Structures are given as structure tokens and as C-alpha cells.
Amino acid sequence: MSKGSVIVNFTIGFGNNLFQYVYGRLLAEKYDLLLNHPPIEPFNVAEKESSIDKNIPFILIDDNNCKEALENFKGPANYYINGYFEDFTLYKPYVEKIRSWFPKAEITNKNDLILHFRLQNRLIQTTHCQNHVPFEVFDKGIQNFDFDKLHIVTDAKKWDSYKKEDIEEIQKEIRIGPNPPEKSPWVSTKYSLDYMNHLIDGFSKYSPIVHCNDAKTIAGSGGLRSDFMEDFNLIRNFDKIMFKDSTFSWWAAFLSEASHVSPFGPWKPNKGSKNKNLGLANFSGWKSWGSFEDLING
């Protein structure tokens, strides 16, 4: 009788998929199970298909029983992986093993600090805005680093003063995506506009070098243009990394060899008991910044 298979279900989101793939692969390798998963094209990880023995039980592995599954083998079964697995303690014993599964990125910038934060939908959706912090909180986190220049990498289309029309363009794009306002309520256009300009004004004190997706020109930054995988690898090229509640940048930092990594500690506190502990990861060189009291809407 076969030991069984691990069948990984991917959701949307590159960072989410990395958690799902890594967890599934850990489970499969630990118990010598066959592995099935979709491709991860940005990393050239090919789809993996293997025969599934339908004569043995199927067991659902989700966020509630994933730790137990890694610690105690339930015997021959097919394990259906269906969750987010955003718990850093699952991966702490296997850091070097996991890193060996992906291409290495050389540290090419040891003197500067790179800060990643997502904007776009997080400027307009209420659930994300509940986790916003003012520039002053970012500034406190930045003070924990000794660096020459500040780099900002973000999915914003530009890094310059925003107008009402810029926010309305983001709203237009989000409306046709998977989370329209009917599904994920929005804050007012004024709030989004004021917060974005608050960040731009605040960070101007550092004259940051901004790496901004889809932006051909960015005032004062040289208009550095990149796709998301270029952003991912750019983060990995820095020895000093800071970010706020993004699985994208969490994995970029984890798969780097950076000596100083600083995630936002509370992660997404608006989720209450469903919040994840990713911001509290205590890997070598990691130290979190920020607190619940720092939230604008705290």
C-alpha cells in the first residue's frame, strides 16, 4: 500500500501560494509522500502530478490542524492542503531546507535600507485601511536601521502628489477585480487621497529612491520601473529590509540572506483572533517594529 499523496490547492496571491507550496512540500518530504501542486511560474517551479491512491483515506489539512499534521503522521492517506498556513513557527525548524528549494539572490546592497509596502487596494478598502499607520510610525521603525539611502518599493503607479482622479482610477481598477466594493467596502475617496499624500509628504525627508510598478516617471526618483518579480528579487538584494503586513515581502525577506529584517509586528490586527503571527517572526536577524496603538484607526 502506498503512503499517500499531498495535494496542494493554490488560492490567489503569489505570497499565499508560496506558503501553500512550502507547507505541502514540507509535509510530503517529511513523510515520504507523493506531491501534487500547480506550477509557480515566476520561480519556474513546474506543475507536479503523481498518481493518487484512491483506496486510502483523504484528510483535509487546513489552518486548524496543519501544525499537528507536521508533528504527527496519521498513517497512509491523501492529504488535501487547503489553507493559508501563515504561521512562522511552522517553518522555523526548516529555514535552510526551504531556502534551498529556491534560487539564491546575492546581496548587492549592504549600505541602504529597502522598505516595501503595498498601496493600491490597501488605499481604498476599509479592512486594509483599519491597519494603516501614520508616517511617524514608519519613521520610528526606520530609525532602527543604520543606512545611507532609503529605497521604497511599492505597487503604486506613481510617487508624486495624488489628486482625486488618481484615487478614482484605482477604484476603477479594483471594481473589476475579485474584491469590488460590494464584497469589500471602501473608505471615502478623501481618506484615500489624504493618506497617500501624507505618506509621500512624510517620506520626502529621506529623498527616497522609489521603485514603483507601472510608473514611467516618478518625481525625484528616476522613475524606476519593474514587474512584481523584479520587485521581489530587488528586495532580496538588500541586506536591510523593512516591510508592513505583506506576504509578498515576507517571503522576499525570508528567501534572502539579509542580516537585518524588520516586519510590522502587529501584522493585521483588525482581523482580531484571525490575525497571523508573521510580524513576530524571530528568525536570525529579524526584529519587528510598531504596535497596535500605532494604528490610525486603533
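The values are calculated or read from the model by the stated rules, or taken from the named source; none is laboratory data. Keep in mind that this is a model prediction, so the values were computed, not measured. Glycine gets a Cβ as well: all are built from the backbone with ideal geometry, and neighbour counts include every protein chain shown.
Results for (1) β-branched (Val, Ile, Thr); (2) in contact with a Gly (Cβ under 7 Å, 6 or more places away or on another chain); (3) within 22 Å of Trp267 (Cα to Cα); (4) not assigned by TED's automatic domain parsing to the domain that holds Gly24, shown as yes or no for each residue.
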position: Tyr91; (1), (2), (3), (4): no, no, yes, no
position: Arg118; (1), (2), (3), (4): no, no, yes, yes
position: Thr126; (1), (2), (3), (4): yes, no, yes, yes
position: Gly141; (1), (2), (3), (4): no, yes, yes, yes
position: Phe145; (1), (2), (3), (4): no, no, yes, yes
position: His151; (1), (2), (3), (4): no, no, yes, yes
position: Thr154; (1), (2), (3), (4): yes, no, yes, yes
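Would region 103-118 turn up any residue that is part of a loop (DSSP other than H, G, I, E, B), at positive phi and buried (at least 16 other Cβ atoms within 10 Å of the Cβ)?
No, that holds for no residue.
Please determine whether any residue of region 128-145 is over 18 Å from Gly290 (Cβ atoms), touching a residue at least 60 places away in the same chain (Cβ under 8 Å) and not hydroxyl-bearing (Ser, Thr, Tyr).
no
Can you tell me which of Leu278, Leu255, Leu234 is surrounded by 18 or more Cβ atoms within 10 Å (Cβ to Cβ), over 24 Å from Val210 (Cβ atoms) and of a type in the set (A, V, I, L, M, F, W, C)?
None of the other options fit; the residue is Leu278.
What's the total number of residues in region 11-28 that are surrounded by fewer than 17 Cβ atoms within 10 Å (Cβ to Cβ) and free of Cβ contacts under 8 Å to residues at least 60 places away in the same chain?
Counting residues in region 11-28 that are surrounded by fewer than 17 Cβ atoms within 10 Å (Cβ to Cβ) and free of Cβ contacts under 8 Å to residues at least 60 places away in the same chain gives 0.
I'm trying to understand the selection: among the residues of region 131-156, which are closer than 24 Å to Asn297 by Cβ and outside any loop (DSSP other than H, G, I, E, B)?
Passing the criteria: Phe135, Glu136, Val137, Phe138, Asp139, Lys140, Gly141, Ile142, Ile152, Thr154.
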